[in-house]
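Here the structure comes first, spelled out in structure tokens, and everything after it is commentary.
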Amino acid sequence: MNLKENINRIKVLMENSSDIYYHGTIDHSFNEEDIKPNDIGLIFFTKHREIAYRYANHMNVKFDYHSEPDYNNSRILSYHLNVKNTFDPEQYSDDPEYIELLANTGDFSSVQISMFDGDEEFNQYASDALYEADYPVLETKGFIDGLKQRGFDSIYIDNSPYYPSNYKDEIFTGKDIAIFYPELATPVKNKYD
């Protein structure tokens, strides 16, 4: 590839960079084609390379969020996502169908629920979890399978409340995405990423 082709390729990549999502893994042998859902049925992506780095290192007990990322010690992969119907929990927080689905399949073990709470209060917990995109409650196989049955191919997850500030004291905001099917992710072949 000559210099002019390289410059044009970089321009195109920069123009399309808003379409790039990152997936992080600590496994250096992991290839772009190895991507597959976890036991719940989710494959996680983020718009922030540093967040993908954090995902790749979250099992590392010595990981320091306040240190500058060392991208050489983990594998950050770039993808384009071809999602058609992403479930945005906040948009469905008042929808009785999805409140009931979550109430029946969600993981409410982290929520303080009194045994005296009735169905109405419990449904409010489910509605609140949807509104807040509370991933500990939403990320269950039953809930994800229910979304698949309803034609969704992905879900927005708001992990930002759980992200500590980074080494620049920046706090990331926005929603990450988890897809249900690996064929929705196309690797970005860019040696400069």
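Note on segment 89-117: residues that are surrounded by 15 or more Cβ atoms within 10 Å (Cβ to Cβ), at pLDDT 90 or above and over 13 Å from residue 143 (Cα atoms) amount to 2.
Is one or more of the residues making up segment 63-85 loosely packed, with under 15 Cβ neighbours inside 10 Å, modelled with pLDDT under 90, β-branched (Val, Ile, Thr) and touching a helix residue (DSSP H, G or I) at 6+ places or on another chain (Cβ under 9 Å)? Within segment 63-85, not a single residue is loosely packed, with under 15 Cβ neighbours inside 10 Å, modelled with pLDDT under 90, β-branched (Val, Ile, Thr) and touching a helix residue (DSSP H, G or I) at 6+ places or on another chain (Cβ under 9 Å). Summed over segment 74-100, the residues that are closer than 14 Å to residue 151 by Cβ and assigned to a helix (DSSP H, G or I) give a count of 3.
The values are calculated or read from the model by the stated rules, or taken from the named source; none is laboratory data. Quick caveat: nothing in here was measured; it's all calculated off a predicted structure. For neighbour counting, all protein chains shown are included, and Cβ atoms are generated from backbone atoms with ideal geometry for every residue, glycine included.
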